[in-house]
Amino acid sequence: MDLAQMIRDVPDFPVKGILFKDITTLIKDPAAFREAVDRMAAPYEGMEIDLVAAIESRGFIFGAPLAYKLGAGFVPVRKPNKLPAETISASYTLEYGTNTLEMHKDAIRPGQRVLLVDDLLATGGSAKAAATLIEQLGGKVVGVAFLIDLTFLHGVEKLKGYDVFSVIQF
């Protein structure tokens, strides 16, 4: 199945000059969604993974089923002021501004093995910030998985030292 063909391009979203890769056209198709989750999980099956941490919000779409499939717990990495208990935070730059991510301070215990998941790798800022949070809590990032890698933005360079995997490259 050619999953790349199922992703819609939306010009000038969320700001002028950005060509947004819309995954809703893929995830509404049951077979394509299942195939995407299976392909994202494949490199990690049989590995010891304690937790899947996923970045808000589209990362949750893939992170939760991956956690289930891999027999791991799920940790949400959210935008500011969305988590109810004490948090830690990290800021990052994206292709059209800056943002901050937060994680509960007790989300990860030292030594836990964590797979970090998001829908798309662009500049790598959000993934690097999330990996920093995981490591700040003593977790080990065993992989960083994406459905899509926008290779022309070279986000993988910001993630040097991590095992990065993507299903689709544009």
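Quick notes on this one:
- Answer from LYS82, LYS105, LYS69 - the residue that is of a type in the set (Lys, Arg), on the phi < 0 side of the Ramachandran plot and touching a helix residue (DSSP H, G or I) at 6+ places or on another chain (Cβ under 9 Å): LYS69
- For segment 91-113, residues that are among the small types (Gly, Ala, Ser) and over 13 Å from LYS79 (Cβ atoms) total 2.
- Qualifying residue in segment 61-82 (condition: among the aromatic types (Phe, Trp, Tyr), in contact with a strand residue (DSSP E or B) (Cβ under 9 Å, 6 or more places away or on another chain) and over 30 Å from PRO30 (Cα atoms)): no
- Annotation note: of ALA127, ALA145, ALA85, the sole residue that is buried (at least 23 other Cβ atoms within 10 Å of the Cβ), among the aliphatic types (A, V, I, L, M), modelled with pLDDT of 95 or more and not in a strand (DSSP E or B) is ALA127.
- Single condition VAL167 does not satisfy, out of (1) surrounded by fewer than 16 Cβ atoms within 10 Å (Cβ to Cβ); (2) in a strand (DSSP E or B): (1)
- The set of residues in segment 8-44 that are part of a loop (DSSP other than H, G, I, E, B) and over 18 Å from LEU153 (Cα atoms) comprises ILE23, LYS28, ASP29.
- Among the residues listed as ALA85, ALA41, the single one being closer than 19 Å to LEU26 by Cβ and out of contact with any Gly (no Cβ under 8 Å at 6 or more places or on another chain): ALA41
- Among the residues of segment 5-49, those that are out of contact with any helix residue (DSSP H, G or I) (no Cβ under 9 Å at 6 or more places or on another chain), within 27 Å of LEU115 (Cα to Cα), surrounded by 13 or more Cβ atoms within 10 Å (Cβ to Cβ) and touching a residue at least 40 places away in the same chain (Cβ under 8 Å) comprise LYS21, PRO43.
- Pairs meeting the criteria (first residue in segment 150-161 and closer than 8 Å to GLY124 by Cβ, second residue of a type in the set (Lys, Arg), beta carbons under 7 Å, at least 6 apart or on different chains) are LYS158/LYS128; LEU159/LYS128.
- Within segment 32-51, considering residues that are more than 25 Å from MET6 (Cα to Cα) and aliphatic (A, V, I, L, M), the one farthest from the chain's Cα centre (by Cα): MET47
- Subset of segment 92-123 [charged (D, E, K, R), over 19 Å from ASP149 (Cα atoms) and within 15 Å of the chain's Cα centre (by Cα)]: GLU102
- Qualifying position, being modelled with pLDDT of 95 or more, more than 27 Å from PHE152 (Cα to Cα) and in a loop (DSSP other than H, G, I, E, B), among MET47, MET103: MET47
- Residue in segment 88-100 that is modelled with the highest pLDDT, counting only those that are out of contact with any Leu (no Cβ under 7 Å at 6 or more places or on another chain) and small (Gly, Ala, Ser): SER91
The values are calculated or read from the model by the stated rules, or taken from the named source; none is laboratory data. Just so it is clear, the model here is predicted, and its values are computed rather than measured. As a convention, Cβ positions derive from the backbone with ideal geometry for all residues, glycine included, and neighbour counts pool all protein chains shown.
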